[in-house]
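Asker: Just passing along the structure, written as structure tokens.
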Amino acid sequence: MKILSIETSCDETAISILEASGVVESPQFQVLGNALYSQAKTHAEYGGVFPALAKREHARNILPLLKMALEIAEKNGLEFETNANSTNFDEQKDMQKISDIKRLLEREADLGDQFIEFLKSQPRPKIDIIAVTNGPGLEPALWVGINFAKALNMAWGIPVVPVNHMEGHIVSVLLEGDKAAIDFPALALLISGGHTEIVEIDGWSSYKVLGRTRDDAVGEAFDKVARLLGMPYPGGPHVSKLAAEYRAECESNTNASQYKFNLPRPMISSPDFDFSFSGIKTAVLYTVKKITENNISGSKDSAKLTAEQKKALAAEFEDAVTEVLVAKVRKALDQTGAQTLIIGGGVVANTYIRAEFEKLIKEKFSHVSLRVPSVDLSTDNSVMIGMAGYLQSGKTDSRIDPLDFKAEGNLTF
Ligand code: KG4
Ligand code: ZN
């Protein structure tokens, strides 16, 4: 089965074409074409993702990305209908479809006109389903992908399968070199800029959220702390780099830092699986204020911290977050008897967090297999949406009448 997948839930616009085969228990995937554009730089000056801007950028980039993904996929064997006269769009023959598509895309600037032009020269690709993220995420951003999927459905008659973005993060591990099927029950820790949750998985499509953050997501906390330390969005990698430098200095006695801060570990011993990260971030804010309050130079607080102080704070913050994540997952593994631990979401790129989980599994849960996606698949992408779409497509109610299908910013399992 060939799947075209679309992701626009946050600040990555992405389109992929996958070949999927095999039973749901042990699916096989091959990426035929993949095109992704990250808007991170565009949003950097706002210190976070700005929804109206995200929507505009998705609408601007989605069609060029589709063309790119199709071109790459063609080189990898994707086939197209050969009778161009019957599959390419024609002003006369397809008048009704053209006006329907233009109406559907009327809120996406001039995407409608460009799309019609594209259809006139594009033979229909031999694709079986379109998978598109319908939530959770920023609704204006989600709508661009959804309307684009609907327009493709109108043009080419390909059924659409809506996909939960978080399911995408979970199944992102299925493309790994380690192709062994997942042993259930499995547990997933999803850590991204928008989400932090622990999910129990009894089988594909059978998800139960055990706990989630009550305020900030892990990535969001990293981004906010980065800002307090004077670093640009997205700040996670910057904080992580400082923390690594601090640890390296502490290990080499000659350079040991003179600073050691103490931040709270919120909810680490609470009886549930919920998290709260806004308290750690606020504690960082107060620590920064305390260090700098005697300095009246008038510059921004972060500018008054020394490089050594920033490194020590970054390391303590990363430690605090990691300890809480590890403690909750450890409890969840004990309680569920999970056979597999999946960690997904953009924060998986954090090498310290990954290493601490590897340690936990090695030392305490050697019967559990740890599955972590490659860095490319841990941040937002459409390959994971296509894989989740394949797992969904077997369900009888998964193919939605495109007209009934909408963005759900707060979609949960
Ligand atoms: O999954 P993702 O790409 O987008 C969302 O769905 O949110 O995650 C992005 C988040 C950002 O908050 C970013 O700062 C964080 O992942 N991140 C990191 C690292 N790399 C990315 N956080 C901590 N350490 C990292 N190395
Ligand atoms: Zn995500």
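Conditions tested, residue by residue: (1) modelled with pLDDT of 95 or more; (2) touching a Cys at 6+ places or on another chain (Cβ under 6 Å); (3) open to solvent by less than 40 Å² (accessible area, probe 1.4 Å); (4) of a type outside the set (Val, Ile, Thr).
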site	(1), (2), (3), (4)
THR292	no, no, yes, no
LYS300	no, no, no, yes
ALA307	no, no, no, yes
VAL324	yes, no, yes, no
ALA327	yes, no, yes, yes
ARG330	yes, no, no, yes
ASP334	yes, no, no, yes
GLN339	yes, no, no, yes
GLY345	no, no, yes, yes
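Asker: So, of the residues in region 15-50 that are within 17 Å of ILE129 (Cβ to Cβ) and of a type in the set (Gly, Ala, Ser), which turns out to be surrounded by the most Cβ atoms within 10 Å (Cβ to Cβ)?
Answerer: SER16
One line per residue, one yes/no per condition, for (1) in the same structural domain as PRO232 (by TED's automatic domain parsing); (2) farther than 28 Å from ALA256 by Cβ; (3) within 12 Å of ligand 1 (Cβ to nearest atom); (4) assigned to a helix (DSSP H, G or I):
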{"residue": "THR287", "(1), (2), (3), (4)": "yes, no, no, yes"}
{"residue": "GLU308", "(1), (2), (3), (4)": "yes, no, no, yes"}
{"residue": "GLU316", "(1), (2), (3), (4)": "yes, no, no, yes"}
{"residue": "VAL321", "(1), (2), (3), (4)": "yes, no, yes, yes"}
{"residue": "VAL326", "(1), (2), (3), (4)": "yes, no, no, yes"}
{"residue": "ILE342", "(1), (2), (3), (4)": "yes, yes, no, no"}
{"residue": "ILE353", "(1), (2), (3), (4)": "yes, no, yes, yes"}
{"residue": "PHE357", "(1), (2), (3), (4)": "yes, no, no, yes"}
{"residue": "GLU363", "(1), (2), (3), (4)": "yes, no, no, yes"}
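Asker: Just checking, which of LYS2, LYS41 is more than 16 Å from ligand 2 (Cβ to nearest atom), closer than 19 Å to SER192 by Cα and not small (Gly, Ala, Ser)?
Answerer: On the way: LYS2 fails: closer than 19 Å to SER192 by Cα.
Selected residue: LYS41, the only one of LYS2, LYS41 that is more than 16 Å from ligand 2 (Cβ to nearest atom), closer than 19 Å to SER192 by Cα and not small (Gly, Ala, Ser).
Asker: Could you please find all residues in region 184-216 being in a strand (DSSP E or B), among the hydroxyl-bearing types (Ser, Thr, Tyr) and either more than 15 Å from ligand 2 (Cβ to nearest atom) or at positive phi (or both)? Before the answer, list the steps.
Answerer: So in region 184-216, the residues in a strand (DSSP E or B) come out as 186-191, 196-203, 206-213.
Of the ones still in play, those that are also among the hydroxyl-bearing types (Ser, Thr, Tyr) are 196, 206-207, 213.
Across region 184-216, the qualifying residues are SER206, TYR207.
Asker: Being assigned to a helix (DSSP H, G or I) and either touching a strand residue (DSSP E or B) at 6+ places or on another chain (Cβ under 6 Å) or loosely packed, with under 15 Cβ neighbours inside 10 Å (or both) narrows it down to one residue among ALA221, ALA248; which is it? If you could, list the steps in order and put the result at the bottom.
Answerer: Working: ALA221 fails: either touching a strand residue (DSSP E or B) at 6+ places or on another chain (Cβ under 6 Å) or loosely packed, with under 15 Cβ neighbours inside 10 Å (or both).
Sole residue among the options that is assigned to a helix (DSSP H, G or I) and either touching a strand residue (DSSP E or B) at 6+ places or on another chain (Cβ under 6 Å) or loosely packed, with under 15 Cβ neighbours inside 10 Å (or both): ALA248.
Asker: Within region 365-398, can you find the residues that are surrounded by 20 or more Cβ atoms within 10 Å (Cβ to Cβ), assigned to a helix (DSSP H, G or I) and under 12 Å from the mean Cα position of the chain (by Cα)?
Answerer: LEU377, SER378, VAL383, MET384, ILE385
Asker: Next up: Report the residue count in region 53-93 for those that are at pLDDT 90 or above, closer than 22 Å to LEU105 by Cβ and either open to solvent by less than 30 Å² (accessible area, probe 1.4 Å) or among the aliphatic types (A, V, I, L, M) (or both).
Answerer: Number satisfying all stated conditions: 13.
Asker: Ok, one more. Could you please give the count of residues in region 197-214 that are touching a Lys or Arg at 6+ places or on another chain (Cβ under 9 Å), open to solvent by 30 Å² or more (accessible area, probe 1.4 Å) and more than 17 Å from GLY337 (Cα to Cα)?
Answerer: 1
Asker: Go through region 194-214 and count every residue that is within 16 Å of ligand 1 (Cβ to nearest atom) and of a type in the set (Ser, Thr, Tyr).
Answerer: 2
The values are calculated or read from the model by the stated rules, or taken from the named source; none is laboratory data. Quick caveat: nothing in here was measured; it's all calculated off a predicted structure. Neighbour counts are summed over all protein chains in view; Cβ atoms, including those assigned to glycine, are modelled from backbone coordinates with ideal geometry. The protein model used for the area step is the full one, side chains on, heavy atoms only, and it has no ligands, DNA or RNA in it. Shrake-Rupley method; radii C 1.70, N 1.55, O 1.52, S 1.80 Å.
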